[in-house]
Amino acid sequence: MFGEDAMRRGSLALVLGMLVLGVCADHVAAESDEPGFQALIRADWARQEQRRGRTIEDPQAVRDALVSAERLQAALSEQFSTLDLYAERQALARFATLVGAVETMEPAARCELYCRIRDLTRRLVVRNPFLAGRPIAFIKCRRFVCQMLHEYIGYYYNYDGLHGGGVYVLERPGHSMATRDLIGDKLPKGNYTTPSVSYDGRTIYFAFTPLSDLERRHPSTGSHRGMPAAEDVPESLNYYTANRACFHIYAVGVDGSNLRQLTHGCDDNFNPCPMPDGTVIFMSSRRGGFCRCDNPFEPIPTTTLHSMQPDGSNQRILSFHETNEWHPAPLNDGRIAYCRWDYVDRSAAHFHGIWACNPDGSNPLALFGNYTKRISTCFQPRAVPGSNRIVFVAGAHHADVGGSLVLFDPARAHLNQESGEDDFRSLEILTPEVPFPEAPDLWPSSFYHSPWPLSEDFYLVAFSFDPLSGMGSGVLDDTKTGIYYFDRFGNLELLYRDSEISSMNATLLERPRRPHELASVLDPALGGEGEFILADVNWSLLPFPADRPIRSLRVFQILPKSETHIANQPRIGYANAESARLLLGTVPVETDGSACFRAPAGKPLYFQAVDANGRAVQGMRSLTYLQPGERRGCVGCHEPTGTAPPRQMPLAVQRAPSILEAGPDGSGPISYPRLVQPVLDRSCVRCHDGSNGENKSDLLLTGKPAGPFTQSYESLRPFVRWYEWGGASIHQTVTVPGRMGADESPLSAILDDETHRKITLTDTDRRRLYLWLDANAPFYGAYIQKEQLAQQQGEAVPVPALQ
């Protein structure tokens, strides 16, 4: 019997001998004559194992490396029958024999065996036909660290003095880290973001913001790193100056020629997304407006979906959403996927779901993530070639873009029939070691960014070994990402990294497949209007109360925040960070639950289903809109996914479309002093005037001003319930049928109690109160101080220009 030391020495000699005599003849590592190339790759492997809490000498690390290599080889053999992988299979078989004795090996032998297995894995990676011989375009950039809201706003980069990077081509991915710089000194000092490649592979689009040479001073207290406090902002760097720095979209040939700027002006334009017909979809703040939850130090413009021609002409708005959208990408069926931040009457820190619409902006539809807080944000959706699945990044609101990789199957998407929230059975988590950040309070120690799927199995990604940066994670350094190959078999191979700056948004220069092209079906005969067709309002995921049949639909318009970017300045009403709104009108619902009606195009709309007594039974926590000439149909009210009501032709489509019937005075836009106070004056103030005596109450319901509101509005607060971003909300995520404002507010029951039953309250006045409660009980319907003052005094104000 050999002693233990002798056995170890023998095993080391055996391993090294087999590696030299047998395995080395079968494997060829990714070749490169670049100094330090192999050392950089091996150092990256060591960091990968350190990320798992072990070294490359750990026996389990060796076993896992072999399993991942075997799975990759098997997948390549199955998917590419003409790919000759005989030598790799033979090598893997010999490695398997050695790994069987890995526990008895010396650490040096295990290290050598691990590296040989990973060398063979890289050979398989670079031979993958999805990647082999195909150059990759990507950017280098520095990122402003705070929230994802600031990432595409040139003002913050300019204020913080961030610059560097460019647009590059990696010519031989996996073989060499040599790159070709497409921009060089053709643009001034600045920053880059969101590149994309045209379908012919000849043009690269990207966004760039220049850096001014102004002197900068940063606040010492009162804000996040790099975020300006109001008293510290030099006028020349103020957001509200006419020439503030913005991201604009540029195009350049893949050979570095014909660099040109496509967008101009004082709006941020980014996320260029070329379509097969040459149209470029992009995100822009040119529509105007702000998100409603900003701190004083962070003006955030609203960015939504736009389109233009390849030369920058014919720019037009595609999305009339009230808050921000990001990351458009074509789906294989011809639609556009994108991320929408959707916080109508609910939390502003969640609900960044994946949406899709037609290339002309019609038929916006939530795919996933609009009704869950288990994933804070769904970023960078990208269609998988040859599949109906979509890969995306599960990220955080209060951090830069980045997180875990998730594969989503729209065919399996549905809402939970008990909670109404997104069901996760449609998801495959590709990186389970990276928790969903900020869901609610987990923060990953590493993260992924900008996945580019080659297939359901193989991906290009940006990856960082360091934590996700952001105000929520508390990591205030710009943690760097490199470009990697990633697969669902456990392999992660470095393709390019610059230790000084992030490399991300890897994109193949040659696209493997063009998506289906959808023709527009907008009808010019409808002019500036469109039509909605509802098959059956009662076809609902969460059942409606059986004793409250729906008789009409209210059609509200959300008014985007204007004038000031600061949350609750001005305050709209009880609800936190609320949006102003107006009632466009109501339309009838037929006895079979159907409705068909005309509505103005280009306006953010939301609906409520109303019973015979004028109380809403169900309402939206989102919004929709119409393109001019669009006919839009829906089955029911949050109907189960993939279902249809079992009926004949709906009654509503057998007649001409209904025309919106205007609401009462004070509803367009909402004005509490005109909508509600007259009711109180007629029926309530005689008792509730604050005086003492018989049949008197100290509850003041007069319309006298009280701070920004009136005495009656402040007095009614304890008797009203609403939806909001905050703890006072009736429900944070969804609306439950039968739990709308008039249902939940004690005021409704008080109107019918023994004390108040004797009051002569007309049906018209009662409906005005219900309308106000269901509209989330606002006081104002305007953001401009002058108009709010007029509303407080009971004057009518016009509909705001920003719609």
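The values are calculated or read from the model by the stated rules, or taken from the named source; none is laboratory data. Predicted model only: the values in this text are computed from it and were never measured. Ideal geometry is used to build each Cβ from the backbone, glycine not excepted, and the neighbour counts take in all protein chains shown. The area values use the complete protein model at the heavy-atom level, side chains included, leaving out ligands, DNA and RNA. Shrake-Rupley method; radii C 1.70, N 1.55, O 1.52, S 1.80 Å.
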Output the DSSP H helices from the chain with an along-axis C-alpha extent of no less than 24 Å and a mean Kyte-Doolittle hydropathy no less than -1.0.
59-79, 107-127
Using a 1.4 angstrom probe on the protein heavy atoms only, line up 698, 763 by accessible area, largest first.
698, 763
So how much slack lies between residue 785 and residue 732, counting 0.36 nm per residue of separation and subtracting their Cα-Cα distance, in nm?
16.1 nm
What does the accessible area of residue 175 come to, in Å² to the nearest 10, when a probe of 1.4 Å is used?
50 Å²
Of all alpha-carbon pairs in the chain, indicate the percentage at a distance above 41 angstrom.
40 percent
Rounded to the nearest whole Å², what accessible area per residue is found for region 324-481 with the 1.4 Å probe?
26 Å²
Accessible surface of residue 249 in the full protein assembly, 1.4 angstrom probe, to the nearest 10 Å²?
0 Å²
Averaged per residue, the 1.4 Å probe accessible area of region 47-160, protein heavy atoms only, in Å², is roughly 36 Å²
For region 673-803, what does the alpha-carbon gyration tensor say about shape, rounded, prolate or oblate, given a ≥ b ≥ c as the root eigenvalues, a/c under 1.5 as rounded, and a/b over b/c as prolate?
oblate
Carbon plus sulfur, as percent of the 1.4 Å-probe accessible area of region 651-803, comes to 53 percent
Give the relative contact order (percent, whole number) for the chain; include only Cα pairs under 8 Å separated by 6+ residues.
10 percent
What ranking of 189, 696, 603, 758 comes out by heavy-atom accessible area, probe 1.4 Å, highest first?
758, 189, 696, 603
Can you pick out the pairs among 189/786; 186/480; 561/696; 561/704; 186/561 whose Cα atoms lie more than 31 Å from each other?
189/786; 561/696; 186/561
Keeping all protein chains in the complex and leaving out DNA, RNA and ligands, what accessible area do you get for residue 686 with a 1.4 Å probe, in Å² to the nearest 10?
130 Å²
Measure off, as a whole percent, the carbon and sulfur share of the 1.4 Å-probe accessible area of region 515-594, all protein chains present.
55 percent
Could you calculate the contour length gain from residue 665 to residue 93, that is, 0.36 nm times the residue separation minus the distance between their Cα atoms, to one decimal place in nm?
197.8 nm
Could you rank 540, 313 by how accessible they are, 1.4 Å probe, largest area first?
313, 540
Loop-only GluC sites (Glu not before Pro) in region 393-461, please: DSSP not H, G, I, E or B, and at most 15 other Cβ atoms within 10 Å.
418, 421, 433
Per DSSP helix of 4 or more residues, -39500 (n - 2.57); summed, then divided by the residues of the chain. What does that give at 222 nm, rounded to the nearest 500?
-5000 deg cm²/dmol
As an exercise, find the ratio Rg/Rh for region 444-502 from alpha-carbon atoms, using the Kirkwood inverse-distance average for Rh.
1.01
Roughly how many percent of the accessible protein surface of region 58-97 is carbon and sulfur, given a 1.4 Å probe and a whole-percent answer?
49 percent
Area projected by the alpha carbon convex hull of region 751-803, averaged over all directions, nm²
5.2 nm²
